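Down below is the structure, laid out as structure tokens.
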Amino acid sequence: MNTRSNDFVIKIANVNGTGSASANGLLMKAIFRMGIPVVGKNFFPSNIQGLPTWFEIRVSREGYLARSGRVDIMVAMNAQTYARDLADVSPGGYLLYDSTWPRDKQLTRDDVTLIGIPLAQMVNEQFENIRARILMKNVCYLGALAALLDLDMRVLEELLKETFADKQKLVAGNLKAIELGYQYAKQHCDCPLPLRLEPMNATAGHIMVDGNTLAALGCVYAGATVGAWYPITPSTSLMDAFKEFCERYRVDPETGKQRYCIVQAEDELAAIGMVLGAGWNGARAFTPTSGPGLSLMNEFIGFAYYAEIPAVIFDVQRVGPSTGMPTRTQQADLLFAAYASHGDTRHVLLFPADPAECFHMAVAAFDLAERLQTPVMVLSDLDIGMNDWMVPKLSWDEDYVPDRGKVYSQEQLRDMRVFHRYTDSDGDGIAYRSLPGVHPGGAYFTRGSGHNRRGAYTEDADEYQDVLDRLRHKHDTAKALVPAPVVHSKKGVKTGIVSIGSCDAAVREALDILAREGTEVNYLRVRGFPFNREVEEFVERHEHLFVVEQNRDAQLKALLLLETNVERRKLTSILHYGGMPMDSRCIVSGISEALAKGAAA
Amino acid sequence: MSFMQKPRVIHSKLPKNELGLTTRDYEGSMSTLCAGCGHDSITAALIQAFWELNIEPYKVAKMSGIGCSSKTPAYFLEEAHGINAVHGRMPSIATGANAADRNLYYLGVSGDGDSLSIGFGQFAHALRRNINMLYIIENNGVYGLTKGQFSASADVGSKAKKGEVNQQPPIDPVIAALTLGGSFVARSFSGDKGQLVPLIKAGIMHNGFALLDVLSPCVTFNDHEDSTKSYAHTRQFYHPAVHADFVPQKKPIRAAYENGEAMPVELHDGSTVVLRKVSKDYNPTNRAHAYSYLHEHQKRGEIVTGLLYIDEDQREMHDISNTVSEALRDLPYAELCPGSAALEEIQNLYR
Ligand SMILES: Cc1ncc(C[n+]2csc(CCOP(=O)(O)OP(=O)(O)O)c2C)c(N)n1
Ligand code: SF4
Ligand SMILES: [Mg+2]
């Protein structure tokens with residue numbers, strides 16, 4: 001076999017609760033530090049201990065960050081899934097297993113090279129403690145992989161030392177376990193394999209981090225002070241991260257007191273209520289959640305829309321309906337979020353495609369929520385939120401000033417003859433608000449019942465409609481304020497892809513593959529709702545559009561049909577909704593087949 | 001018409017408080033409730049209490065859920081911001097508002113349906129967090145606004161206007177508050193302004209969650225003789241256990257309070273509540289005692305009222321979470337943003 005450096009997929013099959021995550025994370029980070037683009041996807045069960053998990057690492061010289069659909073090296077550490085894991089290996093691939101125990105002869109494949117390493121045996125001889133034996137088995141296969149793949153051992157050691165900086169004893173144990181695996185592989189296998197790592201310089205200026213962490217960091221930088229939440233996978237780590245950042249950067253150095261307030265609510269109804277109470281009272285407030293939580297929040301979201309209260313909601317989407325598959329990814333909350341709650345409601349949505357965008361869109365979400373006085377939902381997903389992605393390093397503009405929107409000051413209220421809460425004095429559909437406790441002249445009654453432009457209760461048809469129409473106008477104003485789409489387009493190309501969020505990496509890889517096959521396709525990735533003018537123009541100027549998204553019901557397509565003038569016949573869906581992050585194959589085949597059938601010129 | 005502006009008549013003879021304001025300055029728009037509704041009496045007591053406390057109306061945030069009772073914040077403190085949340089969810093709104101600015105006065109007005117049925121969870125949790133607010137339940141044993149269905153506070157055997165008899169045991173917010181760890185638990189009656197006004201004042205000044213359950217008969221759906229939440233029934237079985245006098249910070253506590261039956265409890269801001277035990281064997285600082293006393297009297301069909309429990313040392317939400325003393329919403333952005341150097345430092349972790 002020809003050597004294939006820096007372009008392969010390692011998949012590690014483990015049992016959850018055995019401490020494999022840290023070993024797998026170390027492997028990925030070591031590759032990253034060798035300057036080689038890499039991405040890791042964690043497939044884990046909704047369970048604490050004893051069920052199968054997989055960690056898939058794609059090493060990609062080209063910098064492709066989606067899954068590839070291949071498995072070149074399987075590390076089969078879970079007897080329960082062994083047969084299935086063996087079947088998963090791509091022809092010509094390798095499978096590393098623990099040869100401590102005899103293996104079923106039936107379970108081999110002619111086109112897969114098996115590599116047996118007596119992990120348990122070696123580890124048990126060297127470690128006394130039962131827990132250490134379980135943990136060190138993981139570190140031991142890491143050592144074997146290092147030899148097989150030619151991983152830079154100095155990088156690995158350095159990483160270990162950093163990871164366990166304050167636990168020197170652990171460093172020694174880990175190094176010993178690595179050495180066991182490393183030496184065994186060196187002595188018994190043909191190292192390195194044709195699939196191997198070669199140092200590059202393609203990760204400088206990048207970081208490796210998950211989207212929930214950066215969304216939380218965005219909240220800190222946006223100046224959010226109130227966070228309310230109810231734990232739910234896959235959003236929980238967002239509030240965990242916010243808390244950690246705040247403990248570090250939001251404590252008054254003199255008094256030791258907190259410049260933030262986090263409330264773990266009794267449920268999501270209360271979490272969103274707290275966010276609205278805080279937003280109404282002038283603080284930047286947010287709640288992270290996922291589908292079931294967003295369902296509970298519906299009544300309040302409609303209230304916030306109608307009473308015009310700023311709020312930021314992070315919906316880290318997971319597989320629905322209902323409880324669905326809590327640890328799998330999807331983009332199936334689009335329609336629901338766009339029109340959440342009863343009555344005529346429509347919301348502002350942001351769609352990050354990777355962790356870096358989670359950071360920037362978190363900041364943008366607070367600006368938009370206060371500018372537009374309405375809930376803004378950031379729709380990421382489990383893949384973005386919980387997996388580590390390689391993204392360009394973030395920078396911060398020191399001149400950034402939060403947009404607190406139209407809020408009358410004490411002086412303005414004092415000098416005003418009369419204040420009317422819901423009057424559109426600027427013509428953009430956005431009225432001025434006042435905050436409690438600032439000036440008597442600013443008092444008004446916030447209500448979810450019918451009200452007129454003065455803020456008074458009404459059941460009068462004209463007065464009611466007047467406010468409802470202004471809200472529609474305000475939502476149209478939002479079109480120009482939400483982040484513009486990202487467009488890759490060449491003149492003259494008549495076929496386009498419209499996609500969203502975490503499909504991005506797969507779409508971009510598909511575009512390269514299609515281009516190599518001679519098919520040019522343009523691409524627009526929407527980043528906000530209501531749709532920006534550029535979205536309208538893109539769908540108008542292309543003759544055939546493939547709408548790529550991760551749900552069954554073509555929800556992005558439905559939104560395009562509802563909210564733009566695009567003709568239905570132009571749109572072809574490419575859907576992926578099994579819960580695994582999407583890869584380029586379904587896009588390439590979907591487009592190639594459609595084009596072959598002559599669906600598009 | 002469902003919204004009426006109240007004519008502003010200047011009565012120069014009305015007494016003024018220390019801010020130079022009359023009770024008129026503490027009123028709101030005209031009530032649209034049924035004539036004789038208990039809720040309107042509570043509104044009047046609130047006006048009186050805020051006026052007597054010399055609180056500037058705009059320093060108060062009024063919050064409510066949905067129901068006849070929840071409409072009342074429109075009828076007092078016109079110069080205060082008000083918010084009518086959704087049904088049963090006022091406690092979360094109050095929690096968030098309080099999180100944003102701990103330095104305003106928070107007043108929540110709710111109904112028995114709003115707090116004990118749909119909103120029981122939020123009520124319990126706001127209480128448990130000891131949010132610094134006065135929380136009034138205007139308790140009439142029915143859903144007024146939806147026309148007379150039994151609420152969760154209706155007593156067993158209580159007859160609805162249409163003749164139906166309630167068979168389910170009631171939820172008593174006072175007993176619930178005692179068992180959930182409430183730091184200020186009181187009950188009163190809309191028809192007893194003398195008892196109600198000082199309780200409201202003490203509740204406003206209490207540093208924590210003050211629950212005030214006020215029996216407030218619904219004249220339209222639940223004021224007939226078979227109802228246990230009627231004026232007649234309430235008056236007959238009324239059992240005051242402790243009377244509370246509120247003494248503001250500056251006034252010295254009268255000597256009379258200091259001996260015998262009176263018991264001064266100093267509040268956070270230096271003002272005092274003087275508890276006079278109407279019932280000699282009552283101890284309002286012992287939770288277990290309060291609970292068993294209430295239980296005893298409830299069995300006899302008596303409605304125990306007064307400031308039934310107080311613990312001024314229980315820490316409120318911000319004290320527990322160690323929040324800065326300024327309002328979070330007013331913190332300058334420079335104190336909130338870690339800046340670009342910190343961002344650099346943070347990102348080293350992700351290399
Ligand atoms: C989610 C929801 N369900 C039902 C209602 C209808 N509703 C309005 S007020 C009310 C009951 C109010 O009873 P209570 O809180 O006791 O107030 P009262 O009118 O008796 O003062 C109900 C059921 C609603 N507004 N929202
Ligand atoms: S229906 Fe009952 S509670 Fe409602 S306003 Fe009339 S008397 Fe009051
Ligand atoms: Mg009621």
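Would you check if there is a residue in the stretch B:157-170 being away from ligand 3 (no atom under 16 Å from the Cβ) and of a type in the set (A, V, I, L, M, F, W, C)? Yes: the stretch B:157-170 contains one or more residues that are away from ligand 3 (no atom under 16 Å from the Cβ) and of a type in the set (A, V, I, L, M, F, W, C).
Considering A:ASN138, A:ASN174, the condition of being surrounded by 21 or more Cβ atoms within 10 Å (Cβ to Cβ), in the same structural domain as A:ARG33 (by TED's automatic domain parsing) and either hydroxyl-bearing (Ser, Thr, Tyr) or under 31 Å from the mean Cα position of the chain (by Cα) (or both) is satisfied by A:ASN138 alone.
If you go through the stretch B:69-78 and pick out every residue that is within 16 Å of ligand 1 (Cβ to nearest atom) and touching a strand residue (DSSP E or B) at 6+ places or on another chain (Cβ under 7 Å), you end up with 6. When the stretch B:312-351 is limited to residues that are closer than 29 Å to B:VAL273 by Cα and crowded, with 18+ Cβ neighbours inside 10 Å, the one that is farthest from the other protein chains (Cβ to nearest Cβ) turns out to be B:GLU316.
Rundown of residues vs (1) in contact (Cβ under 8 Å) with a residue 60 or more places away in the chain; (2) outside any helix (DSSP H, G or I); (3) within 27 Å of B:ALA85 (Cβ to Cβ), yes/no style:
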position	(1), (2), (3)
A:ARG417	no, yes, no
A:HIS420	no, yes, yes
A:ASP426	no, yes, no
A:VAL467	no, no, yes
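Which residues, taken from the stretch B:176-196, are assigned to a helix (DSSP H, G or I) and buried (at least 19 other Cβ atoms within 10 Å of the Cβ)? Break it down stepwise before answering.
Within the stretch B:176-196, the first condition is being assigned to a helix (DSSP H, G or I), and the residues that meet it are B:176-179, B:193-196.
Across the stretch B:176-196, the qualifying residues are B:ALA176, B:ALA177, B:LEU178, B:GLN195, B:LEU196.
Applying the criterion of being in a strand (DSSP E or B) and more than 12 Å from ligand 2 (Cβ to nearest atom) to the residues of the stretch B:147-161, the residue that is farthest from the other protein chains (Cβ to nearest Cβ) is B:LYS159.
Could we say that B:THR72 is closer than 16 Å to B:CYS218 by Cβ and among the β-branched types (Val, Ile, Thr) here? I'd like the intermediate steps shown before the answer.
Details: closer than 16 Å to B:CYS218 by Cβ: yes; among the β-branched types (Val, Ile, Thr): yes.
Yes.
Just one of the listed residues (A:GLY273, A:GLY293, A:GLY282, A:GLY277) is small (Gly, Ala, Ser) and within 22 Å of the chain's Cα centre (by Cα), namely A:GLY293. Scan the stretch A:270-285 for residues that are part of a helix (DSSP H, G or I) and more than 7 Å from every other protein chain (Cβ to nearest Cβ) and the total you get is 3. Given the structure, is A:TYR408 in contact (Cβ under 8 Å) with a residue 12 or more places away in the chain, surrounded by fewer than 23 Cβ atoms within 10 Å (Cβ to Cβ) and touching a Cys at 6+ places or on another chain (Cβ under 9 Å)? Spelling it out, it is not the case that A:TYR408 is in contact (Cβ under 8 Å) with a residue 12 or more places away in the chain, surrounded by fewer than 23 Cβ atoms within 10 Å (Cβ to Cβ) and touching a Cys at 6+ places or on another chain (Cβ under 9 Å).
Looking at the structure I just gave you, is A:GLY302 surrounded by 22 or more Cβ atoms within 10 Å (Cβ to Cβ), in contact (Cβ under 8 Å) with a residue 12 or more places away in the chain and small (Gly, Ala, Ser)? Judged against the criteria, A:GLY302 is not a match.
Selection of the stretch B:66-92 for residues being β-branched (Val, Ile, Thr) and under 16 Å from the mean Cα position of the chain (by Cα) yields B:ILE66, B:THR72, B:ILE83.
Of all residues in the stretch B:49-65, which are under 20 Å from A:ASN281 (Cα atoms) and either surrounded by 23 or more Cβ atoms within 10 Å (Cβ to Cβ) or within 16 Å of the chain's Cα centre (by Cα) (or both)? Outline the logic, then answer.
Narrowing the stretch B:49-65 to residues under 20 Å from A:ASN281 (Cα atoms): B:55-65.
Passing the criteria: B:PRO57, B:VAL60, B:ALA61, B:LYS62, B:MET63, B:SER64, B:GLY65.
For the stretch B:169-179, the criterion of being over 19 Å from B:THR228 (Cα atoms) and touching a Leu at 6+ places or on another chain (Cβ under 6 Å) is satisfied by at least one residue. Residues that are in a helix (DSSP H, G or I), more than 10 Å from chain B (Cβ to nearest Cβ), under 24 Å from A:VAL407 (Cβ atoms) and not aromatic (Phe, Trp, Tyr): does the stretch A:286-301 have at least one? Within the stretch A:286-301, one or more residues are in a helix (DSSP H, G or I), more than 10 Å from chain B (Cβ to nearest Cβ), under 24 Å from A:VAL407 (Cβ atoms) and not aromatic (Phe, Trp, Tyr). Of the strands (runs of 3 or more DSSP E) entirely within the stretch B:21-117, those holding at least 2 residues that are touching a residue at least 60 places away in the same chain (Cβ under 8 Å) occupy B:105-111. Picking from residues in the stretch B:129-146 that are under 15 Å from the mean Cα position of the chain (by Cα) and within 12 Å of chain A (Cβ to nearest Cβ), the one that is farthest from ligand 1 (Cβ to nearest atom) is B:ILE131.
Quick test for you: out of A:ALA510, A:ALA484, pick the one residue that is of a type in the set (A, V, I, L, M, F, W, C), surrounded by fewer than 22 Cβ atoms within 10 Å (Cβ to Cβ) and in contact with a helix residue (DSSP H, G or I) (Cβ under 6 Å, 6 or more places away or on another chain).
Values: A:ALA510 fails: surrounded by fewer than 22 Cβ atoms within 10 Å (Cβ to Cβ).
Matching residue, one of A:ALA510, A:ALA484: A:ALA484.
When you scan the stretch B:25-43, how many residues do you find that are touching a strand residue (DSSP E or B) at 6+ places or on another chain (Cβ under 8 Å) and more than 16 Å from ligand 1 (Cβ to nearest atom)? Write out each step before concluding.
Step one: list which residues in the stretch B:25-43 are touching a strand residue (DSSP E or B) at 6+ places or on another chain (Cβ under 8 Å), which gives B:26-28, B:38-39, B:42-43.
Checking the rest, the ones that are also more than 16 Å from ligand 1 (Cβ to nearest atom) come to B:26-28.
Number of matching residues: 3.
Of everything in the stretch B:51-67 that is touching a strand residue (DSSP E or B) at 6+ places or on another chain (Cβ under 7 Å) and more than 10 Å from every other protein chain (Cβ to nearest Cβ), the residue that is nearest to ligand 1 (Cβ to nearest atom) is B:GLY67.
Looking only at residues of the stretch B:97-119 that are within 16 Å of ligand 1 (Cβ to nearest atom) and out of contact with any helix residue (DSSP H, G or I) (no Cβ under 8 Å at 6 or more places or on another chain), we find that the one that is farthest from the other protein chains (Cβ to nearest Cβ) is B:GLY113.
Residues of the stretch B:95-123 that are more than 16 Å from ligand 2 (Cβ to nearest atom) and under 14 Å from the mean Cα position of the chain (by Cα): B:TYR105, B:TYR106, B:LEU107, B:GLY108, B:PHE123.
Just one of the listed residues (A:LEU379, A:LEU368) is in a strand (DSSP E or B) and either within 9 Å of another protein chain (Cβ to nearest Cβ) or under 24 Å from the mean Cα position of the chain (by Cα) (or both), and it is A:LEU379.
Given A:LEU135, A:LEU160, A:LEU170, A:LEU180, which one is at pLDDT 95 or above and not charged (D, E, K, R)?
On the way: A:LEU135 fails: at pLDDT 95 or above; A:LEU160 fails: at pLDDT 95 or above; A:LEU170 fails: at pLDDT 95 or above.
Just a single option satisfies the conditions, and that option is A:LEU180.
The values are calculated or read from the model by the stated rules, or taken from the named source; none is laboratory data. These figures come from a predicted structure and were not determined experimentally. In this analysis, Cβ positions are derived from the backbone assuming ideal geometry, glycine residues included, and neighbour counts consider all displayed protein chains.
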